[in-house]
Amino acid sequence: MILFEDIKVGDAIPSITKPAISHLQLALYAGAGADHNPIHLDEEAAKAGGLPGIIAHGMLPLGFLGQLLTLWVPQRQVRSLSARFVGMAFPGDVITCSGKIAGKREEAGDKLVDVEIAAQNQKGENLQLGKATVALT
Amino acid sequence: MIDKSIIGKEYAPFTVEVEKRWVRSFAEAIGDASPIYFDESIARAAGYRSLPAPPTFPFAMIMDANQSFMILDQLGIDKRRAMHGEQSFVYHADLCAGDVVTGRQRVVDVYDKKNGALEFLVTETRLENQRGEHVCDLRTTVVVRN
């Protein structure tokens, strides 16, 4: 169990690297995520929309960032999760999610830790930059 | 250009049921094999009523209720030119399979950058479960490339 008193600002949380995003995964996410925008499924539609080709749903790397947190602490301790989508993910991209402790605070009896999180592609480019807050004991 | 008078607009409430199969297929789609999303006995042992929904699942509920594309359609925006730009979740209570969730979405901001080449539509959605518990707040920014 991760204890509030053991956490230091600047500490890294365990990162995760996901298998390469496949077209199959985008099709599964289109179904389960209920997002059928053709820019995630159809090369021609993506190009017609002015994109270089099919792009991943932004919610896919954010889903990976959610997993980063739930692998670190039980999900119930995750109080918030947010990200800006600063770069696009494409089929074939290998996404690594990482996090660093940005702050510790006690609020209304809760011991809260703020984590800066990021999803990067295999070139080290930031695709998503965000924040999460988790409650520890 | 998106008419800024849409700021403050609230849409009719929507209701979505969280099905076990949906929780499992969502976890599978994001490549999360944690047994808590698949095996109800493990979820119950962890104190959940049923399979918990993964952290980003609430956005799938919004999409399932057509809340995002509905606004684009109403505004006459081609969704091939729309991209998700920012997303946040604030969690207040467990969200589990079997829950029947009611959501209310409203527009909180509209702005543009690069002389209108990029437009931003910001909405907030509040989710409550069948017991009237406040489950989650979402804030969504959609970017439209003109």
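Of note:
- Between A:Leu24, A:Leu68, A:Leu60, the residue with the greatest mean-square fluctuation in the GNM of chain A (Cα pairs under 10 Å linked by springs) is A:Leu24.
- Centre-to-centre, using Cα atoms only, the range B:123-146 and the range B:67-81 are separated by 17 Å.
- Per-residue mean of foreign Cβ neighbours for B:47-56 is 4 (Cβ atoms of other chains, 10 Å radius).
- Per-residue ³J(HN,Hα) for the range A:109-124, Karplus 6.51 cos²θ - 1.76 cosθ + 1.60, θ = phi - 60°, Hz, x for Gly and Pro: x, 9, 9, 10, 10, 9, 10, 8, 10, 8, 10, 10, 8, 5, 8, x
- Built amide H within the under 5 Å cut-off of A:Arg79, gap 5+: A:Thr133, A:Val134, A:Ala135
- Estimated FRET transfer efficiency (A:Asp6, B:Ile42; beta-carbon r; R0 25 Å; 0.05): 0.40
- Average partner coverage of A:48-55, which counts Cβ from other chains inside 10 Å: 2
- Only the Cβ atoms of Lys and Arg (+1) and of Asp and Glu (-1) were treated as charged; on that basis the dipole of chain A about its Cα centre amounts to roughly 200 debye.
- Cα shape, the range B:1-145, gyration tensor, a/c 1.5 rule: prolate
- Based on DSSP H segments of at least four residues, each scored -39500 (n - 2.57), chain A has a per-residue ellipticity at 222 nm of -6500 deg cm²/dmol.
- In order along the range B:103-112, phi translates into HN-Hα couplings of x, 10, 10, 9, 8, 10, 6, 9, 8, 9 Hz, rounded to whole numbers, per the Karplus curve 6.51 cos²θ - 1.76 cosθ + 1.60 with θ = phi - 60° and x for Gly and Pro.
- About its Cα centre, the protein assembly as shown has a charge dipole of approximately 320 debye under the convention of +1 per Lys or Arg Cβ and -1 per Asp or Glu Cβ, with nothing else charged.
- Out-of-range pairs (alpha-carbon distance over 27 Å; input A:Lys131/B:Lys20; B:Lys4/B:Lys79; A:Lys123/B:Lys79): A:Lys131/B:Lys20; A:Lys123/B:Lys79
- Whole-Å distance, taken between Cα centres, linking the range A:64-137 and the range B:1-32: 21
- Total charge dipole magnitude, chain B, about the Cα centre, Cβ charges on Lys, Arg, Asp, Glu only, Debye to nearest 20: 320
- Rounded if a/c under 1.5, otherwise prolate or oblate - the protein assembly as shown, Cα gyration tensor axes: rounded
- Each of B:Asn115, B:Gly85, B:Ala43 was scored by the projection of its Cα onto the charge dipole of the range B:29-126, and the greatest displacement toward the positive side belongs to B:Asn115; charges sit on the C-beta of Lys, Arg, Asp and Glu.
- Local net charge near B:Phe59, Cβ-Cβ under 11 Å (Lys/Arg +1, Asp/Glu -1): -1
- Close amide H partners of A:Asp93, meaning residues 5 or more places away or on another chain with modelled amide H under 5 Å apart, are A:Ile21.
- Number of partner chain Cβ atoms within 10 Å, mean per residue of A:80-87: 5
Where a number appears in this text, it was derived from the coordinates with a stated rule and is not lab data. Note that the structure is a prediction, hence the values are computed from the model and not measured. So basically every Cβ, Gly included, is an ideal-geometry build from the backbone, and we count neighbours across all protein chains shown.
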